[in-house]
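Working notes for the structure below.
The values are calculated or read from the model by the stated rules, or taken from the named source; none is laboratory data. From a predicted model like this one, the values you see are computed outputs, not experimental measurements. Don't worry about glycine lacking a Cβ; one is built from the backbone with ideal geometry, like all the others, and counts go over all protein chains shown.
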Amino acid sequence: MIMLLSGEGPSDIGYCRAAVSPCCGEQFQSGPMAVIVDQFVEQKCGYSLLETGAVCFVSEHCLIEYGKSISVRHSPRLPGVKAEKDTGFFRKNAQALGSMAKEMEVRREYPVVAVLFRDSDGSNSSTRSLWDKKFDSIVLGFQQAGFDRGVPMVPKPKSEAWLLCALKENPYQHCASLEDESGNDASPNSLKKQLNDVDNHAPIDELTEWIRNGRIDAGRIGMPSLDAFKYELNRALDSALSH
C-alpha cells in the first residue's frame with residue numbers, strides 16, 4: 001500500500017526536500033499532520049508507512065498544475081451538494097489528487113490511499129455548514145475522479161485546534177469547543193497565537209517530534225472534525241487492505 005498526501009504547506013503535511021514534486025520516501029519531509037496520518041495507519045495495519053518509505057507527497061501548487069493538464073471525468077453531483085465558489089477549489093484539488101492516485105496505482109501496482117489536507121478556516125461566527133460544504137466538496141471531487149480511496153483531512157477550523165487539544169492546560173478535555181474558535185490568524189486570540197503561547201513557539205519539527213514521541217497523542221483527541229477524518233481513513237484503509 002502507498003499513501004499519497006497533499007497539504008497546504010510545510011507546517012501541516014510537510015514538503016519535498018528537493019524542488020521536485022511529487023516526491024516519495026526519504027525525499028519527503030513529514031510535518032505534524034503526516035505523522036498523525038501515519039500513526040492512525042500503523043494502529044490499523046501494524047506498521048508505519050513513513051518508516052517503510054511508502055509515503056508520497058504532492059504540493060498544492062503541483063496539484064493545481066496537474067489538475068489543469070488532465071481531463072477529469074465528471075460524475076453526477078451528490079444529492080444536496082451544490083458547487084459554490086468557496087468550495088470549488090477543494091473539489092478540484094480532490095479531483096486532481098484522485099486522478100493522480102489512480103495513475104500511481106497503475107504504475108506501482110499497489111493500492112493507493114490519498115489524503116487531501118485543507119484547513120476549513122472561517123471565523124468563529126461561521127456556521128458548521130461551512131465545514132460540511134468543504135468536507136463534502138472533497139468527497140465529491142474524489143468521486144468525480146472515480147477514486148474511492150480518497151480521504152478528506154479537514155480540521156475545524158484549522159490544524160492548530162487539534163494540536164491545542166493535547167497541549168492546553170487540561171489536555172484532551174472538552175476539546176470540541178476549540179472547533180468554534182476563529183480560524184483567522186489576524187484575530188486577537190487566534191488559534192495560532194494560543195498554540196504559540198502554550199508551546200513557547202516550538203518550531204514545526206519539534207511539534208512533529210512531540211507527536212512521534214507521544215507528548216501529543218492523536219488517539220486521545222476527541223473532536224468532530226478529527227473523528228470524521230479517522231472514519232474516512234479507516235474506510236479507505238479497509239478498501240486498500242482487501243485489494
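Among the residues of the range 156-207, write down those that are assigned to a loop (DSSP other than H, G, I, E, B), free of Cβ contacts under 8 Å to residues at least 12 places away in the same chain and within 18 Å of the chain's Cα centre (by Cα). Answer for the range 156-207, where residues must be assigned to a loop (DSSP other than H, G, I, E, B), free of Cβ contacts under 8 Å to residues at least 12 places away in the same chain and within 18 Å of the chain's Cα centre (by Cα): there is none.
For the range 208-243, the set of residues classified as part of a loop (DSSP other than H, G, I, E, B), farther than 18 Å from A114 by Cα and polar (S, T, N, Q) consists of N213 only.
Table: residues versus (1) closer than 28 Å to K133 by Cα; (2) in contact with a Lys or Arg (Cβ under 6 Å, 6 or more places away or on another chain); (3) of a type in the set (V, I, T); (4) modelled with pLDDT under 95.
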residue	(1), (2), (3), (4)
L4	yes, no, no, no
C16	no, no, no, no
V20	no, no, yes, yes
F28	no, no, no, no
G53	no, no, no, no
S69	yes, no, no, yes
R73	yes, no, no, yes
T87	yes, yes, yes, yes
R91	yes, no, no, yes
